[in-house]
Each structure stands twice: as C-alpha cells, then as structure tokens.
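To start, the structure under review is shown below, and the notes come after it.
The values are calculated or read from the model by the stated rules, or taken from the named source; none is laboratory data. Bear in mind the structure is a predicted one, so any value in this text is a computation, not a measurement. Using ideal geometry, Cβ is built from the backbone for each residue, glycine included, and neighbour counts are taken over all protein chains shown.
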Amino acid sequence: MYQTERSGKNFGYSFPVSSGKQYRVVLHLAEIYFTQANKRVFDVKLEGTRVLDNYDIFAKVGANTATTETFTVTVADDALNLDFSSLTADGGLNNAKIAALEVYAVDAGAILFLRLMPGMTRPSPCLLTAWFCKGQARMSMVRLRVMPGARLVDRVRPS
C-alpha cells in the first residue's frame, strides 16, 4: 500500500456525505523518495481547516516508514473536503502526497469505512473500497473507480 502515492503541488478530494454528521479521516503516509528532512513539506486542510501545517513525513518517522494522522470533523455541507498543498507561499517544498486515506462515519449503528488507494500516475483512476458493517457478523464490500481530484462516482449507503 505505501509503495504508491498521489502527489502534487495542490490537489484534493470531495466526498459526498451527510451534512451535520461527524467523520473520522485517517491519512496514510510514508516518505519513499527523500532520505532527509526538509525535502518534502506540505499542508493538509480538512473542511477548510488546516490540520497539518508544514508537515514533513521524514522528520516524523524517517524514510520508508509508514505513519498515520487521524482527525475528526463535523461536515457542515454535503461534502467532506480534503485538500493538500505544498505551495511555496505557505512554506511548502516539493509535492504534497498521500499513500491512502480512510473515512469513517457512524450513522445509526452502522459504520461506513472508505479506503482510497491512489493510482500511480494521473489521470489513472483511483480505487475506492467501501465496507459496510452492522455489528460484527455482517459486512459487505463495494468497489468504485474515482478519478484523482474528482467527486465520488456514486453515493454509497449502508444496506
């Protein structure tokens, strides 16, 4: 999972979700290119709020080591927006990147789990896998294809 990534100076995701609900977002990151700190520095915004500022994966965990960053957010509209930026004006260096991401929503006892694993190069489509579970015994899985930076192809609902 951590051997591929989506990267760029400025990119994002917009997932259609329910307004007013809380979601947990897990970012999966690994520095697989640079071998020293201050070579890749970027910001991440979740629903317009900066949750990672001048983030340096190597400075946190070193090279070729996976790490995660987890955030909880309440969505005010019908889209969960996640934006990555390595713009020089904001202190960024090289490209922002993500190896995979997960979005969890708790709704009426059902947990929606989304895991996005980016395609290797643009405009290769991304693969979105969603698992729905109600309790421990019942789980079903859906796979969708999503273009980088695009909205989800289909709205996914627990059965």
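Restricting to the stretch 58-98, name every residue that is crowded, with 17+ Cβ neighbours inside 10 Å and hydroxyl-bearing (Ser, Thr, Tyr). Ser85, Ser86 - these are the residues of the stretch 58-98 that are crowded, with 17+ Cβ neighbours inside 10 Å and hydroxyl-bearing (Ser, Thr, Tyr).
For the stretch 9-38, the candidate set comprises residues that are among the small types (Gly, Ala, Ser) and under 14 Å from the mean Cα position of the chain (by Cα); within that set, the residue that is farthest from Ala96 (Cα to Cα) is Ser14. For the stretch 33-43, indicate whether the set of residues that are on the phi > 0 side of the Ramachandran plot, crowded, with 16+ Cβ neighbours inside 10 Å and charged (D, E, K, R) is non-empty. No; the residues of the stretch 33-43 include none that is on the phi > 0 side of the Ramachandran plot, crowded, with 16+ Cβ neighbours inside 10 Å and charged (D, E, K, R).
If you check Val41, Val51, Val61 for being under 15 Å from the mean Cα position of the chain (by Cα) and among the aliphatic types (A, V, I, L, M), only one passes: Val51.
For the stretch 1-47, which residues satisfy the criterion of being part of a strand (DSSP E or B), of a type in the set (Val, Ile, Thr) and over 15 Å from Thr68 (Cα atoms)?
Once the filter is applied, which keeps residues that are part of a strand (DSSP E or B), of a type in the set (Val, Ile, Thr) and over 15 Å from Thr68 (Cα atoms), the stretch 1-47 yields only Val41.
For Leu52, indicate whether it is under 14 Å from Ala99 (Cα atoms) and either at pLDDT 90 or above or of a type in the set (Phe, Trp, Tyr) (or both). For Leu52, the condition - under 14 Å from Ala99 (Cα atoms) and either at pLDDT 90 or above or of a type in the set (Phe, Trp, Tyr) (or both) - is not met. When Asp77 is tested against the conditions (1) of a type in the set (D, E, K, R); (2) within 17 Å of Tyr2 (Cβ to Cβ); (3) in contact (Cβ under 8 Å) with a residue 24 or more places away in the chain, the lone failure is (2).
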